[in-house]
Amino acid sequence: MSPPAKDFKLLVADDSPVYRKLLEDTLSEQRYSALFAKSGREAMDLFAEQQPDLVITDWMMPDVPGVELCKRMREGLKGSYAYIIILTGITDKREISAGLSAGADDYLTKPFAPEELRARVGVGCRIVEFHRQIEAKTRLLEELALTDVLTGLPNRRAIETWAHREIAGAIRHGFDLCVVMADLDRFKGLNDNSGHEAGDKVLKKFAEILRNNCRSSNICGRIGGEEFLMGLTHSDLEGTTVAVERIREHLAEKVFTFGTHDIVVTASFGIARLDRESKSEDYSQLVCRADKALYSAKQAGRNRIAFATSNETRG
């Protein structure tokens, strides 16, 4: 079954008013969202602006040859797919082959039978819909590849991609950037005593707290086990500390009930500020410093913040 035609945007390009009207009447029953161009240049402008799903274009446009028009349309696609049909009075197979090689998907010889045009456009709709499904599945796979399955937060790979880009930007433009390592305290004991379902519940709740306290320009994610990482741009140590302290308090105030037991879970945090003056600090070095600060927070009693830049702790 063909997809509903009203879901497709159609561009018709023909310098002949007669053929434009004929095409409009032939396809009107399908209720396409149709655009009409009187020249090749107008067609290119509409194509770039509207990104139609299907294009029906005359081969012999006076300003832009058919081969060139197909090439430009293919080059102008922004990550999507358009099905291109050439209408032509040319019967020379070499010319038709050149048009197909330039990017056209199909051709129809003038004068055409309305039933054949509708059928060929229907084929185009099915192929466009197939490409849509592939693109949607590709986006889903890309998202899954960058997402932690349990918490729904970005995973290690997504964080590294973000961090490399933002660190380079911070060094180049001179804005602050901080990395925060977070680790749930005594998490192994929670799993051993209350079970992995309880542990998963705590991980999900902590992820929710992180997400609710993370600006869209920043990132928070799970890098493994009970370890999480936050990246904050345009945020100095003071601002980062305020944000992390809020997260620490929210978790510590939450009471988890597992069976007949009420449990309070805490987390420790290590903060490292990017040394922009060095011009060479990379993501791994920044994480290493934040991890050392996290270890200091654990050694100092847990449920607190420690800093890679000083011995100061807060809790």
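The values are calculated or read from the model by the stated rules, or taken from the named source; none is laboratory data. If you're wondering where the values come from, they're calculated on a predicted model, not measured in any experiment. Reconstructed Cβ throughout: ideal geometry from the backbone, glycine too, with neighbour counts over all protein chains shown. Surface accessibility is based on the protein's heavy atoms, side chains included, excluding ligands, DNA and RNA. Shrake-Rupley method; radii C 1.70, N 1.55, O 1.52, S 1.80 Å.
Only residues that are open to solvent by less than 50 Å² (accessible area, probe 1.4 Å) and either touching a helix residue (DSSP H, G or I) at 6+ places or on another chain (Cβ under 9 Å) or not hydrophobic (A, V, I, L, M, F, W, C) (or both) were counted across the range 231-244, and they come to 7. Among residues belonging to the range 142-169 that are open to solvent by less than 100 Å² (accessible area, probe 1.4 Å) and β-branched (Val, Ile, Thr), point out the one that is farthest from residue 205 (Cα to Cα). Top of the filtered list is 167.
Residue 39 fulfils the conditions (1) modelled with pLDDT of 90 or more; (2) touching a Lys or Arg at 6+ places or on another chain (Cβ under 7 Å) except for a single criterion, (2).
Yes/no per residue for (1) open to solvent by less than 10 Å² (accessible area, probe 1.4 Å); (2) among the polar types (S, T, N, Q); (3) at pLDDT 95 or above; (4) not in a helix (DSSP H, G or I):
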position: 202; (1), (2), (3), (4): yes, no, yes, no
position: 217; (1), (2), (3), (4): no, yes, no, yes
position: 246; (1), (2), (3), (4): no, no, yes, no
position: 292; (1), (2), (3), (4): no, no, yes, no
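When residue 124 is tested against (1) assigned to a helix (DSSP H, G or I); (2) in contact with a Leu (Cβ under 6 Å, 6 or more places away or on another chain); (3) closer than 30 Å to residue 280 by Cβ, only condition (3) is not met.
Every listed requirement among (1) without any contact (Cβ under 8 Å) to a residue 24 or more places away in the chain; (2) in contact with a Ser or Thr (Cβ under 9 Å, 6 or more places away or on another chain); (3) surrounded by fewer than 18 Cβ atoms within 10 Å (Cβ to Cβ) is met by residue 192 save one, (2).
Yes/no matrix, rows are residues, columns are (1) crowded, with 16+ Cβ neighbours inside 10 Å; (2) in contact with a strand residue (DSSP E or B) (Cβ under 6 Å, 6 or more places away or on another chain); (3) at pLDDT below 90:
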| residue | (1), (2), (3) |
| --- | --- |
| 78 | no, no, yes |
| 85 | yes, yes, no |
| 91 | no, no, yes |
| 96 | yes, yes, yes |
| 102 | yes, no, yes |
| 114 | no, no, no |
| 126 | no, no, no |
| 131 | no, no, no |
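All conditions but one from (1) at pLDDT 95 or above; (2) closer than 26 Å to residue 274 by Cβ; (3) open to solvent by 20 Å² or more (accessible area, probe 1.4 Å); (4) of a type outside the set (Ser, Thr, Tyr) apply to residue 174; the one that does not is (1).
Which residues, taken from the range 268-288, are under 25 Å from residue 173 (Cα atoms), touching a residue at least 60 places away in the same chain (Cβ under 8 Å) and either in a helix (DSSP H, G or I) or of a type in the set (S, T, N, Q) (or both)? Matches in the range 268-288: 276, 283, 286, 287. The condition (being part of a helix (DSSP H, G or I) and more than 29 Å from residue 252 (Cα to Cα)) is satisfied by just one residue among 115, 197, 160: 115. The residues on offer are 187, 228, and the sole one that is within 22 Å of residue 144 (Cβ to Cβ), open to solvent by less than 20 Å² (accessible area, probe 1.4 Å) and at pLDDT 95 or above is 228. For residue 63, the criteria (1) more than 25 Å from residue 25 (Cα to Cα); (2) of a type in the set (Asp, Glu); (3) modelled with pLDDT of 85 or more; (4) open to solvent by 70 Å² or more (accessible area, probe 1.4 Å) hold in every case but one, which is (4). Considering the range 73-85, the residues that are farther than 13 Å from residue 11 by Cβ and of a type outside the set (S, T, N, Q) include one that is nearest to the chain's Cα centre (by Cα), namely 79.
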